[in-house]
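The structure appears right after this line, and notes come after that.
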Amino acid sequence: MFEEIESKLIAALERQLVEKFQLQHKVLLEQPKQSSFGELAIPVAFQLARQLKRPPKKIAEELAGGLANVPGVASFEIAGNGYINVRLNRAEYAEKLLTQQGGEAAPASGGKIVVEHTNINPNKAAHIGHLRNAILGDTFVRMLRNRGRQVEVQNYIDNTGVQVADVVVGFHYLEKKTPADVRALIADANTRFDYLCWDLYARTSSYYGEHPEAKTWRADTLHAIEAGEGDLAELGHIVADAIVKAHLKTMLRLDIEYDVLPRESEILHLKFWATAFELLKERQAIFLENQGKNKGCWVMPSSAFRESAVAGDEAEDIDESKVIVRSNGTVTYVGKDIAYQLWKFGLLGKDFYYKPWTEYPDGHQVWVTTDQPVVEKAPPFGRATNVFNVIDSRQSYLQDVVVAGLRALDFQKQADASVHFSYEMVALTPRTCVEMGIQLSDEDKKKSYVEVSGRKGLGVKADDLLDKLIETALAEVENRHPETAPADRQATAQKIAVGALRYFMLKFTRNSVIAFDFHEALSFEGETGPYVQYAIVRAANILKKFTDRGDALPVFHSVLTKDIFALCLESEDLWQLLLLASKAGSAVERAISSGEPAHVAKYAFQLAQAFNIFYHEHNVIAEQNADRRALLLWLTTYVRQQLLKTLAVLGIQQPAYM
């Protein structure tokens, strides 16, 4: 609703600029610093003053004079030296919100968008850092779908990489286990296989440190896995598939689902990389190095993906080329990712075969790639117009190389449509480390946050964190609602815990390092998921108390007239609450444009905060004036609906009580 008025106003302004000044200019709107100035501000007169050689105020007056009859706008006012302040018609605005029941769905627009997220190496249990990736990616998908975009969710499985190879080394060389032995471990109901691999991966890494010569095992294992032959390859396949199943189970606890799981093994076996390799050689985007430490490697010159070093720069490695194929013939991660990115856009001339992987409880089917023709008819995957890769900021350099690969092949449009949706790491506060049983040194206890390391086995497993959050939330729910059924309390605690975790991961901008704090996330006060959930419970309780006393909720569209809206919305606090509640769609759209899901989280908190002020200042049920009471009840209903919709975008479910 609000963004609809914004778009119509912008269109009207841009027409005025053409008609009055023969100018093509992109108009931007602002939010006034104070609500008393109106609902929107237009600063365009300042931007054009020098070009038109006229005072901003004169330009503003001329523009405002031609803006009559913009739907939803009551008046335009010239403010200061050239701002145009916009005041909406409050009664008309409220009436339209009521008849639309909270706003119309955004129409589908544009081509398919591929969002690749989660991408956990299938070698051990997911940890807290992986959760930030998955939650950011899933929320961005929800944002896009909320605004009518067609989205395909991919979770890339690096099942031929070094991390999987190291676990295979642990099983084969250190544990002396056969593929049959490992299958038995997976089948054992008493064994958490992803946890077992967590410890084995750390032990293997430690073994390399003490026995550097053992790294030849890694090289041999990588070759075997890439070739897909022998016991080592079979072990790699068994380990990766079992860990992927564990990861998807973990993510489902957070209500995160995928459409397709592209696997690195098929990129190799179906010659995706071989095809991309030939294209890159043909376009001379890569060359065979014949000297130095990269002798025998196929490399991409640094000039393709970064600014050349400044003459006289003393940094030794600033112009270093990127290895795409190692001298032993194995392909680096970035090489395979170039092939994968080409496939996402439908540029490779090849496709995977697909088979069903699993069906989610809601009936949604997730598919996995395979190198063997299958009977099942899969949806058309890939062929995107835009691609967002949710990968942490430490991989920015490699993502630049991937885009450089597209540019070197003259796919400029697709390179421009490739977005590295980066984010910073997740650490832990010292008190959270203590809560999770992590032993800290005296030095670490004094730090504001403690970094984790999967390779060293230091970190918080995602499932352990979720379990602890649910356990803590459950204790509070049982204390507040001992009369409810145990199953209900458990379900409520789970929604609170997941909401707390997701909101905490989303409330910070992506370039912020997060220090996850257990108690802060679960708090019912401040900018938290439980705070927003509690506001919705309060709204529901108001409506329930009203009906519990024998009254039926009014049929709002029958009893609320434009005159009632005009009278009641003279109250500035009621108008500002309604206006804020109507901006849910606008908040999502702005978050998409900026690539910051944090904006939606912030909006949810602000709306919950505004409702809590309303809750304390207006006794809805006791209001004696019937017309005003009807409006207060509708406003309560509307705000609750908008908060629920916003939490759904954030991937947060709402408990019935807290």
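Worth pointing out:
- Enumeration of residues in the stretch 10-28 that are touching a residue at least 40 places away in the same chain (Cβ under 8 Å) and either under 19 Å from L580 (Cβ atoms) or part of a loop (DSSP other than H, G, I, E, B) (or both): none
- Annotation: of all residues in the stretch 213-245 being surrounded by 22 or more Cβ atoms within 10 Å (Cβ to Cβ) and at pLDDT 95 or above, the one that is nearest to A134 (Cα to Cα) is I243.
- Residues of the stretch 30-81 satisfying the condition of being under 26 Å from L579 (Cβ atoms) and β-branched (V, I, T): I42, V44, V70, V73, I78
- Of the residues making up the stretch 437-449, those that are surrounded by 15 or more Cβ atoms within 10 Å (Cβ to Cβ) and in contact (Cβ under 8 Å) with a residue 60 or more places away in the chain number 1.
- Any chance A384 is closer than 24 Å to L280 by Cβ, of a type in the set (A, V, I, L, M), crowded, with 22+ Cβ neighbours inside 10 Å and at pLDDT below 95: no
- Residue count, the stretch 483-532 (criterion: free of Cβ contacts under 8 Å to residues at least 60 places away in the same chain and hydrophobic (A, V, I, L, M, F, W, C)): 8
- Against the test of being surrounded by fewer than 15 Cβ atoms within 10 Å (Cβ to Cβ) and within 38 Å of the chain's Cα centre (by Cα), the options Q51, Q47, Q31 yield a single qualifying residue, Q31.
- Just one of the numbered conditions (1) under 20 Å from the mean Cα position of the chain (by Cα); (2) more than 30 Å from D138 (Cβ to Cβ) is not true of V600: (2).
- Applying the set (1) in a loop (DSSP other than H, G, I, E, B); (2) assigned by TED's automatic domain parsing to the domain that holds Q624 to I564 leaves exactly one unmet item: (1).
- Hits in the stretch 319-349 (condition: aliphatic (A, V, I, L, M) and not in a loop (DSSP other than H, G, I, E, B)): V323, I324, V325, V331, V334, I338, A339, L342
- Every test in (1) in contact with a helix residue (DSSP H, G or I) (Cβ under 8 Å, 6 or more places away or on another chain); (2) outside any helix (DSSP H, G or I); (3) free of Cβ contacts under 8 Å to residues at least 60 places away in the same chain is passed by D220 save one, and that test is (2).
- When restricted to residues that are over 23 Å from S36 (Cβ atoms) and exposed (fewer than 15 other Cβ atoms within 10 Å of the Cβ), the stretch 562-591 contains 2.
- So Q372, is it crowded, with 17+ Cβ neighbours inside 10 Å and not in a strand (DSSP E or B): no
- Scanning the stretch 571-602 for residues that are outside any helix (DSSP H, G or I) and touching a residue at least 12 places away in the same chain (Cβ under 8 Å), we see that the one that is nearest to T99 (Cα to Cα) is S582.
- Total residues in the stretch 603-658, condition in a loop (DSSP other than H, G, I, E, B) and among the acidic types (D, E): 1
- Qualifying residue in the stretch 65-80 (condition: hydrophobic (A, V, I, L, M, F, W, C), without any contact (Cβ under 8 Å) to a residue 12 or more places away in the chain and in a loop (DSSP other than H, G, I, E, B)): yes
- Candidates in the stretch 127-180 are the residues that are assigned to a loop (DSSP other than H, G, I, E, B) and under 17 Å from the mean Cα position of the chain (by Cα); of these, the one that is surrounded by the fewest Cβ atoms within 10 Å (Cβ to Cβ) is G148.
- Test: residue in the stretch 397-417 that is among the small types (G, A, S), in contact with a helix residue (DSSP H, G or I) (Cβ under 7 Å, 6 or more places away or on another chain) and free of Cβ contacts under 8 Å to residues at least 24 places away in the same chain: yes
- Residue match in the stretch 184-203 (condition: at pLDDT 95 or above, assigned to a helix (DSSP H, G or I), more than 35 Å from the chain's Cα centre (by Cα) and closer than 20 Å to H237 by Cα): yes
- Here L631 fulfils each of the conditions (1) at pLDDT 95 or above; (2) of a type outside the set (K, R); (3) under 31 Å from the mean Cα position of the chain (by Cα) apart from (3).
- Condition met for K215 (farther than 24 Å from I267 by Cα, among the charged types (D, E, K, R), free of Cβ contacts under 8 Å to residues at least 24 places away in the same chain and touching a helix residue (DSSP H, G or I) at 6+ places or on another chain (Cβ under 6 Å)): yes
- Among the residues of the stretch 247-268, the ones that are part of a loop (DSSP other than H, G, I, E, B) and touching a helix residue (DSSP H, G or I) at 6+ places or on another chain (Cβ under 9 Å) come to 7 in all.
- Where strands (runs of 3 or more DSSP E) fall wholly inside the stretch 409-527, the ranges with 3 or more residues that are under 30 Å from Y340 (Cβ atoms) are 418-421.
- Figure legend. Inter-residue proximity from the stretch 138-167: first residues touching a residue at least 12 places away in the same chain (Cβ under 8 Å) and basic (K, R), second residues crowded, with 23+ Cβ neighbours inside 10 Å and not in a helix (DSSP H, G or I), beta-carbon distance below 7 Å, spacing 6+ or different chains. No pairs are indicated.
- Of the criteria (1) assigned to a loop (DSSP other than H, G, I, E, B); (2) buried (at least 20 other Cβ atoms within 10 Å of the Cβ), which one Q284 fails: (2)
- Residues that are over 13 Å from A384 (Cβ atoms) and out of contact with any Leu (no Cβ under 8 Å at 6 or more places or on another chain) were ranked within the stretch 336-352; the one that is surrounded by the most Cβ atoms within 10 Å (Cβ to Cβ) is D351.
The values are calculated or read from the model by the stated rules, or taken from the named source; none is laboratory data. Just so it is clear, the structure is predicted and the values come from calculations on it, not from any experiment. Cβ: placed from backbone, ideal geometry, glycine included. Neighbour counts: every protein chain shown.
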